[in-house]
Amino acid sequence: MPWNPTQYHKFNAERSAPFDDLLKLVEIRPHLKVVDLGCGTGELTLRLADSLPNSDVLGLDNSPQMLERASVHARSGLRFQSGDQSLLSGDWDLILSNAALQWTENHNALIPHLFAHLNANGQIAVQIPSNHEHTSHRIIREVAAREPFRTALDGWIRYAPVLPIESYAEIFYRLGAEKIIVFEKIYTHVLADSAAIVEWISGTALVPYFERIGNLREEFAQTIRAEMKKAFPETPVFYPFKRTFFSAFKTQ
Ligand SMILES: C[S@@+](CC[C@H](N)C(=O)[O-])C[C@H]1O[C@@H](n2cnc3c(N)ncnc32)[C@H](O)[C@@H]1O
């Protein structure tokens, strides 16, 4: 997908709070072999690397645009590489992912695959947005189902693959994981107006639509802006953002 690092960075402050909460779940130990899946522009991978003494941290992403930005943060003990998170190989003491696994389908298969690549005593710690039933996301799907967008998108509509939180707990239990933690948290953002919601989702949820919709991109964005204004006429706009966290350890 054509990720735009500049657009993505517009809501940096709002996006770093969940990372802070994710980092609190990480057991800080020295000399870990770590991978950050969907590392994006690498600032948060750098914070991860800085908090893990003498560790070897790899930021993995499949977007050349994001990796280009990330490369400036490379240093001894921190490198960045192109790769698909769903095809992770190698053995890791910590697999971390912040706001990226929602871009890979079939979490019932993905989570066991990642878990299989943990060393003994290894930890997986993940944060994923789970606000796909928020009105803003419903509007995207409704507009995508309307003509002329429906034809331009060939009927394609994106449904987030994120599972109910109890499913993650169940997957880890069945994998024999230990110290399983799963929870949801609402981040209470207050944005200037409905246009700010569109700005936010232009850097994330709309990216795969923009990629597919060709020259109807601006018309699609305008229609979403108009629908968002109808749904959120007030200023400022309260934007409760639900996120799912999970962490688990492999004992053997
Ligand atoms: C919302 S950004 C999160 C970036 C970073 N982790 C952060 O929290 O700022 C999602 C990232 O996942 C990456 N991504 C999406 N699908 C991926 C895949 N299959 N393999 C690797 N990276 C992927 C995107 O390129 C993007 O950089």
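The GNM of the chain, with springs linking C-alpha atoms under 10 angstrom apart, assigns the highest mean-square fluctuation among Glu166, Glu178, Glu43 to Glu166. How about the range 63-163: which GluC sites (Glu not before Pro) there lie in a loop by DSSP and see at most 13 other Cβ atoms within 10 Å? Within the range 63-163, the qualifying GluC sites (Glu not before Pro) (loop, at most 13 other Cβ atoms within 10 Å) are Glu105, Glu133. What FRET efficiency comes out for the pair Glu219/Glu68, r = Cβ-Cβ distance, R0 = 30 Å, nearest 0.05? That pair, Glu219 with Glu68, gives E of 0.50. In this structure, the amide hydrogen of Val237, modeled 1.01 Å from its nitrogen in the peptide plane, lies closer than 5 angstrom to those of Leu191, Ala192, Asp193, counting only residues at least 5 positions away or on a different chain.
Of all DSSP bridge pairs formed entirely within the chain, close to 50 percent run antiparallel.
With N counted as the residues of the range 12-68, its alpha-carbon radius of gyration over 2.2 N^0.38 Å works out to 1.13. For the range 78-134, the pair-distance distribution built from all alpha carbon pairs, in bins 5 Å wide starting at 0, is 4, 16, 27, 27, 15, 6, 3, 1 percent. In sequence order, the range 79-85 has phi-based couplings of 9, 10, 8, 7, x, 9, 4 Hz under the Karplus curve 6.51 cos²θ - 1.76 cosθ + 1.60, θ = phi - 60°, and Gly or Pro positions carry x. Only Cα pairs under 8 Å and 6+ residues apart enter the sum, and on that basis the relative contact order of the chain stands at 22 percent.
Annotation for Glu133 and Ser51: the two label points, set 7 Å from Cα along the Cα-Cβ direction, are 3.0 nm apart. Using just the C-alpha positions of the range 116-180 as equal point scatterers, what log10 of I(q)/I(0) does the Debye formula give at each q in 0.25 1/Å? The computed values of log10 I(q)/I(0) come out as -1.09. Taken along its three principal axes, the alpha carbon spread of the chain comes to 53, 39, 35 Å, from the longest extent down to the shortest.
Read-outs: derived from the displayed coordinates by stated rules, not from any lab. Just so you know, these numbers come straight off a predicted model, no measurement behind them. Reconstructed Cβ throughout: ideal geometry from the backbone, glycine too, with neighbour counts over all protein chains shown.
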